[in-house]
Amino acid sequence: MLPPAAAPQEVVNAIAKIEASLDDVVNHGSDDELFIASYLQGHFAVEARQLEMHADASLTLLDEKMMDSLNSAFNNKELEGDDAAQVKQLWSRLFNAAN
């Protein structure tokens, strides 16, 4: 069982909304969308869980941590070109929708 979130409610709500959107892509998306969403979901799960444990969490910090995580992965050649661009576009869309 996970400990209760220490983050402000607006951050917890945004995280839940992004998770639901990612799940929706996984359940209803095309093969390409599924690949992009699954990749993003892995990074999001790590960063969101860590952030939820901090009382000083913010949506800005969530976006910064996600971009740092993705950029680090892309710099290590985990994804390149169009796939990397699609992951960043999906993150931007989900983050903006959750705000």
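Tell me whether segment 53-62 contains one or more residues that are aliphatic (A, V, I, L, M), surrounded by 11 or more Cβ atoms within 10 Å (Cβ to Cβ) and over 20 Å from Ala7 (Cβ atoms). Give the steps one after another, and end with the answer.
Initially, segment 53-62 is screened for residues aliphatic (A, V, I, L, M), giving 53, 55, 57, 59, 61-62.
Retained after the next criterion (residues that are surrounded by 11 or more Cβ atoms within 10 Å (Cβ to Cβ)): 53, 57, 59, 61-62.
From the residues that got through so far, the ones that are over 20 Å from Ala7 (Cβ atoms) too are none.
No, the conditions are met nowhere in segment 53-62.
Go through the residues of segment 69-78 one by one and say whether even a single one is in a helix (DSSP H, G or I) and at pLDDT below 95. There is no residue in segment 69-78 that is in a helix (DSSP H, G or I) and at pLDDT below 95. Listed conditions (1) buried (at least 18 other Cβ atoms within 10 Å of the Cβ); (2) farther than 15 Å from Phe44 by Cα are all met by Glu78, apart from (1).
(1) assigned to a helix (DSSP H, G or I); (2) closer than 24 Å to Asn71 by Cα: which one isn't true of Asp56, the others all being true? Here Asp56 clears every test but (1).
The set of residues in segment 81-99 that are surrounded by fewer than 16 Cβ atoms within 10 Å (Cβ to Cβ) and part of a helix (DSSP H, G or I) comprises Gly81, Asp82, Asp83, Ala85, Gln89, Ser92, Arg93, Asn96, Ala97.
Scanning segment 2-21 for residues that are surrounded by 15 or more Cβ atoms within 10 Å (Cβ to Cβ), of a type in the set (A, V, I, L, M) and either without any contact (Cβ under 8 Å) to a residue 60 or more places away in the chain or more than 20 Å from Ser72 (Cβ to Cβ) (or both) returns Ala5, Ala7, Val11, Val12, Ala14, Ile15.
The values are calculated or read from the model by the stated rules, or taken from the named source; none is laboratory data. Here the structure is a predicted model, which means the values were calculated and not measured. No Cβ is skipped: glycine too gets one built from the backbone with ideal geometry, and neighbour counts run over all protein chains shown.
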